[in-house]
Amino acid sequence: MIKNLFNRMEFLIGIVILILIVVMAFGSASFFTVQNLMYQLDAYSGDIIFAMGLLVVLIAGGIDISFMATASASVYIAAKLSLIYHIENPILALACISVSAIAFGLINAFFIYNMKMVSIIVTISMQSVIFGLLMYFTDGRLIYDLPEWWVEPTNLYTFGSSGNLYSITVPIMVLALCIALTIFILNKTSLGKQVYALGGNQEAAHRIGINVGVLHYFAYGYMGFMAGIAGFVQSYRNSEINPSALVGKELDILAAVVLGGASLTGGKGSVIGTILGISLIAIIKNGLNLAGVSSYSFDIIIGLCILVAITITHIHERKKKLS
Amino acid sequence: MLNTKKIDPAMRNLFLLWFAVIAFFTYMKGGEFLSEQTFQSIAFVMPELGLLTLAMFAPLLSGGFNLAIIVIANVTSLFGIAVFHIFQVSEMSIGMQGLMIAVVFVASLLIAMLCGLIIGFMVSYVGAHPILVTLGMMTLLKGVGIIATSGRAVSGVPDVLKFFGNSTIWAIPVPLFIFVGIAILLHLFMTRTTYGRYIYLIGSNINAVYFSGINTKRVVMFIYILSSALATVAGYLMMARFNSSRVGYGDAYLLLTVLIAILGGTDPNGGFGKVSTIAVALLVLQTISTGLNIMGTSQYLSMAMWGLVLLGAMSFKYIKDHYKKKMYVKKAAKATNNDN
Amino acid sequence: MEQDLFLSAKNISKYFAGTIALNKVDIDLRKGEVHCLAGMNGCGKSTFIKIISGVYTPEKNALIEFDDASYSKLTPSQAIKEGVQVIFQDLSLFPNLTVAENIGVKQFASSLFAINKRKSQREIAQKVLDELGFTMELDVKVADLSIANRQIIAICRAIANDGKLLVMDEPTASLTRQEVRSLEKVVKTLTKRGITIVFVSHRLEEVLDISDRVTVLRDGVKVGTYPASEMNTQRLGELMTGIKIESSIKEHDYSSKENIIEVRGLTRKDEYSDISFSIKKGEVLGLGGLLGSGRTELATTLFGIHKPDSGEILVKGKPVFFRNHSDAVSQRIGYVSEDRLSLGAIMEQSIADNITVSVLNKISSRRIGVVRSKSEREQIKHWIKELSIKIGFETEPISTLSGGNQQKVMLAKWLATDPELLILDSPTVGVDVSAKASIYALVDKLASAGMSILMISDEVPELYYNCDRVLHMKDGKLIGEYAPREIEEHKLMEIIND
């Protein structure tokens, strides 16, 4: 069992994170504080929610490049409709975001499953289509005059003593819900197990009587759903909707999810690992920031992290094969 | 791979599509579209995108991927421009400029090839997924470029180099000559030489090729070196045309190159694809986007169009193949029923 | 429907693009019997399996009858409901899931929205393992298991899924003889419980050992169903091919000739140790032994893919060191892999490319490697004719050929390199009986022309009739050498298979 633990990428990254935390806690007083933790959680909530969706798609053996475009478009559509029809009801707006985002995901699934196309090609194309049309129809105009509930920073719960008050913000709440939902689906339901089975061996899944088509629609639909929610969280945090703010950052999320142990060949990955993957990147950025290192060096360090991580995993796998 | 004298149907369809596109825009805009200027503008933009597409094509053909092409183009041209500044190449005589540019260009190529070598090593010897390796490399190089420039554009390209980006010979832009020349060379390389042929075969089944006595690891390394070198040429063309370089120039091209390569008949799973059809696909797409530009629509509409065209083309192909199979089965059924 | 029948399939036909895979076939399967489907590649046996398991839809007017229901076509879930369980050759397991999850797959595969019952899943898995008399850790990932253990998991899964009919497609292809024995035991346990077993296998002796009845298919048509007790391998072979087969021991004159290759004390940790032998010019040397005896590892070492830890390899008396397999090729050694599907043929690519891939560098100009298309065309034409490979067009993908013709292309690929030593690793796996005969004839012809051949095989008769000497390898060591002229076939079989 212990040996098993060592074999897992999650464990390795966990150790690295632990070391980093200790080092940085000594280096900077403001790093190891609840304040900073809450702030970082709030800041990375969108990224983690995107990552939850992408994780499901990767486990199912696919890949999605279009989720940032999906997020931008679905949030924009919902905001425009809210403004035109004076919808003040958050539920209705969120439903609108979800429906359009899921629809985009289902279109991906249609081409990938029914038209038997390669997932990366389909989602690259869909990214072009969705983002292109979004920019064409909006001319890249930002939306500032969002309904009040959409932009008003709300603290759902506040704790701590009078001097140090910490609050659970809406993004943190939404993040917690998304993580819980993903964990529940992947680990506790037969649907989740089927997704793992699909990624492990699609042909076998089909033969055993698993409805492979439904799973494709679920995986890409769920990715869309998470993208919509993440897009909402981002717009909430920024108090504005910028149609071109997100597209182009897909690969950052992909890097983090893969760093967390998901495999591009499918069947592997966990929510905990994914969160650790994003945390690793976040901690490095945050630590460097606090240490006063120029933010320009982030990319170098993240790039190195990715290259080192894949080298370690592959050397590890090779050793395992030999023994 | 042996010569078949028939016209490739993919090629034919692309040409038909091209004529249809020209007809459409001519109908919409008449002389304004059908002018020398239009085709010259197509010819100026096409080469850099084309070279980047070829840089993506080589790995795709082998069943791989290269997300680092744009960054390699950026970083190598930034290196070039930095050296030009240090030695004040712009002040030199034309002859000296030419010499310096040649030397610096070769140095840039070497840097790119080193990056390609590392990618190839990680893919072939370490055995990591090409998307991951090139993603890591892309992030790393982007960081290097941004640190060196603070993310700003650097300008000041020597006149001789500008000539390669902006001049015309017999009304044909110089970059087009470069692109066509490289495309022809690459086509010959892919179809006529051993390494080129290995790349196709590796795309279908790398293990079987390895067990045929071929050092496939060396071939895979070569693929990424070639890809990086092609990206460098594209980077220099962009630098020459814009008179500057910056990390992020051409970022939008990255996924576009994949679309063009696939639309040009490259099999997304590797093993099949041709330089010639890719060149025609490129022509089609550039014509569409230039046409839309003349009609005054945004470039984003053409972006959406490209995605739609690809999805449409691939769906059409799938449905056609599916239908063909069904017809075969029907025929077979009829034949056996007639037997009895 | 008769009382003791489990399934009765009538008038089953299936057409594919251009070919008729099955033509009006009727097959009955009794409860508790072991029924073998025999036939050459492409005779329609796997198509039949796919039809009764619901993967393929049969043509009109088909009828598949069970005890209480009859269908004109089945869906996979209907087939599973009726108790049809297929164990495909690739086993169709989920490598990323645990033993318990694989065996108890029904727990999560049957409905989308259910909460995982980890505990009951483990109980089911444990119960089935106990019933069949296996012990295995439940939380190990299947990716970490041996092939034989995976096979057990696949059988357990079929039983856990209430399988009443177990179809095993080539179940013994990748098992050692001992593992085959324990599989036979499991089969007996299963039939006692009234479960019907359908066996598809290439190994004729084994088929007859295990089965109660044999149905022979040829070219999509049923030849007949026979009790296994009234059948022998030769008769079965004849029914499958429609040709009479005769075997005789082939001999070659090599005693006075030079050693082409010699190995001394070759050792590679955990794979083989202290291997010494030599092959003379024009000799066919057989290497027998069970799977896992180290024979393939030894072969790949001679081909330069693996490096030995100690010992030396001498080519024509000179010690050589292979840095990689290109070095071996330049010493004129060729290797036809046992795994044609993934290590041999480049399936999507043309027949022509598959022939010339090994010699492209030879038929190209030295400096920049431009392939001379004229010599390439000559090579292709020459080998297609020389080996009488049956093709439509050489530009068609090799996947359109039959197994036998694919294997001939593999041979052509290596013969084109003009080797002095050709290593044939299981050269007739997945090749039908008639193509086998022509491959044997080719081996004979090549040896007579002076080529040395190292033939590795699972099938003792193959070694017995084609080799001048047979080496016996066990647990990584050479433990015996036999000359076919001096030993009887069944004795050699007993020795090597134990």
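A few comments on the model shown:
- When the test is whether a residue is at the interface with chain A (Cβ under 7 Å from one of its Cβ atoms), free of Cβ contacts under 8 Å to residues at least 40 places away in the same chain and among the β-branched types (Val, Ile, Thr), residue B:118 does not pass it.
- Considering the stretch C:123-145, and only residues there that are in a loop (DSSP other than H, G, I, E, B) and among the β-branched types (Val, Ile, Thr), the residue that is surrounded by the most Cβ atoms within 10 Å (Cβ to Cβ) turns out to be C:140.
- Being out of contact with any Gly (no Cβ under 6 Å at 6 or more places or on another chain), within 21 Å of residue C:336 (Cβ to Cβ) and not hydrophobic (A, V, I, L, M, F, W, C) is not true of residue C:317.
- Scanning the stretch A:79-98 for residues that are without any contact (Cβ under 8 Å) to a residue 24 or more places away in the chain and part of a helix (DSSP H, G or I) returns A:81, A:84, A:91, A:92, A:95, A:96.
- Checking each residue in the stretch A:217-246 for being aliphatic (A, V, I, L, M) and closer than 21 Å to residue A:172 by Cβ picks out A:226, A:227, A:229, A:230, A:233, A:241, A:245, A:246.
- Looking at the stretch C:321-408, the helices (runs of 4 or more DSSP H) lying wholly inside it that each contain 2 or more residues that are under 22 Å from residue B:271 (Cβ atoms) sit at C:351-356, C:373-386.
- Residue within the stretch B:64-75 that is touching a Gly at 6+ places or on another chain (Cβ under 6 Å) and at pLDDT below 90 present: no
- Summed over the stretch C:346-390, the residues that are closer than 14 Å to residue C:418 by Cβ, more than 9 Å from chain B (Cβ to nearest Cβ) and hydroxyl-bearing (Ser, Thr, Tyr) give a count of 1.
- Where a residue in the stretch B:183-200 is on the phi < 0 side of the Ramachandran plot and its partner, wherever it lies, is assigned to a helix (DSSP H, G or I) and among the polar types (S, T, N, Q), with Cβ under 9 Å and at least six apart: B:183/B:276; B:187/B:276; B:192/C:373; B:197/B:191; B:197/C:356; B:198/B:216; B:200/B:191
- Subset of the stretch C:476-490 (residues that are of a type outside the set (A, V, I, L, M, F, W, C) and surrounded by 14 or more Cβ atoms within 10 Å (Cβ to Cβ)): C:476, C:477, C:480, C:482, C:484, C:489
- A single entry from B:79, B:84 fulfils the requirement of being more than 24 Å from the chain's Cα centre (by Cα), in contact (Cβ under 8 Å) with a residue 12 or more places away in the chain and farther than 18 Å from residue B:182 by Cα: B:84.
- Residue count, the stretch C:458-498 (criterion: free of Cβ contacts under 8 Å to residues at least 12 places away in the same chain and not in a helix (DSSP H, G or I)): 3
- One residue from C:111, C:120 being over 28 Å from the mean Cα position of the chain (by Cα) and either part of a loop (DSSP other than H, G, I, E, B) or buried (at least 21 other Cβ atoms within 10 Å of the Cβ) (or both): C:111
- Residues that are hydrophobic (A, V, I, L, M, F, W, C) and within 18 Å of the chain's Cα centre (by Cα), drawn from the stretch A:209-226: A:218, A:219, A:223, A:225, A:226
- Residues located in the stretch C:382-392, provided they are free of Cβ contacts under 8 Å to residues at least 12 places away in the same chain and either touching a strand residue (DSSP E or B) at 6+ places or on another chain (Cβ under 6 Å) or not small (Gly, Ala, Ser) (or both): C:382, C:385
- In the condition set (1) within 30 Å of residue C:111 (Cα to Cα); (2) surrounded by 21 or more Cβ atoms within 10 Å (Cβ to Cβ); (3) in contact with a Gly (Cβ under 8 Å, 6 or more places away or on another chain); (4) away from chain B (no Cβ under 14 Å), residue A:185 is compliant with all but (2).
- Qualifying strands (runs of 3 or more DSSP E) (wholly inside the stretch C:6-94; at least 3 residues being within 12 Å of another protein chain (Cβ to nearest Cβ), closer than 19 Å to residue B:326 by Cα and at pLDDT below 90): C:19-30
- Scanning the stretch A:149-169 for residues that are in contact (Cβ under 8 Å) with a residue 12 or more places away in the chain and closer than 22 Å to residue A:93 by Cβ yields A:149, A:150, A:151, A:153, A:154, A:155, A:156, A:168, A:169.
- As a summary of the residue check, residue C:470 satisfies the conditions (1) more than 14 Å from chain B (Cβ to nearest Cβ); (2) closer than 19 Å to residue C:403 by Cβ; (3) crowded, with 22+ Cβ neighbours inside 10 Å except for the one numbered (2).
- Extreme residue, surrounded by the fewest Cβ atoms within 10 Å (Cβ to Cβ), among residues of the stretch A:34-48 that are polar (S, T, N, Q) and within 14 Å of residue A:237 (Cα to Cα): A:40
- Scan of the stretch A:268-301 for residues that are among the small types (Gly, Ala, Ser) and outside any loop (DSSP other than H, G, I, E, B), ordered by number: A:273, A:277, A:279, A:282, A:287, A:295, A:297
- Exclusive hit being within 28 Å of residue B:206 (Cα to Cα), more than 14 Å from the chain's Cα centre (by Cα), modelled with pLDDT under 90 and surrounded by 19 or more Cβ atoms within 10 Å (Cβ to Cβ), set B:1, B:11: B:1
- Scanning the stretch C:206-233 for residues that are touching a helix residue (DSSP H, G or I) at 6+ places or on another chain (Cβ under 7 Å), of a type in the set (S, T, N, Q) and over 20 Å from residue C:460 (Cα atoms) yields a total of 1.
- Residues (within 13 Å of residue B:218 (Cα to Cα) and either at pLDDT 95 or above or under 21 Å from the mean Cα position of the chain (by Cα) (or both)) located in the stretch B:119-131: B:119, B:120, B:123
- Residue list for the stretch A:192-226, restricted to those being out of contact with any Cys (no Cβ under 8 Å at 6 or more places or on another chain), aliphatic (A, V, I, L, M) and more than 8 Å from every other protein chain (Cβ to nearest Cβ): A:195, A:198, A:212, A:215, A:219, A:223
- Taking the criterion of being in contact (Cβ under 8 Å) with a residue 40 or more places away in the chain and over 26 Å from residue C:252 (Cα atoms), the residues of the stretch C:298-326 that qualify are C:308, C:309, C:310, C:311, C:312.
- Qualifying positions in the stretch C:398-426 - within 14 Å of chain B (Cβ to nearest Cβ) and out of contact with any strand residue (DSSP E or B) (no Cβ under 6 Å at 6 or more places or on another chain): C:398, C:399, C:400, C:406, C:407, C:409, C:411, C:412, C:413, C:415, C:416, C:418
The values are calculated or read from the model by the stated rules, or taken from the named source; none is laboratory data. In this text the structure is predicted, and so the values were computed from the model without any measurement. For neighbour counting, all protein chains shown are included, and Cβ atoms are generated from backbone atoms with ideal geometry for every residue, glycine included.
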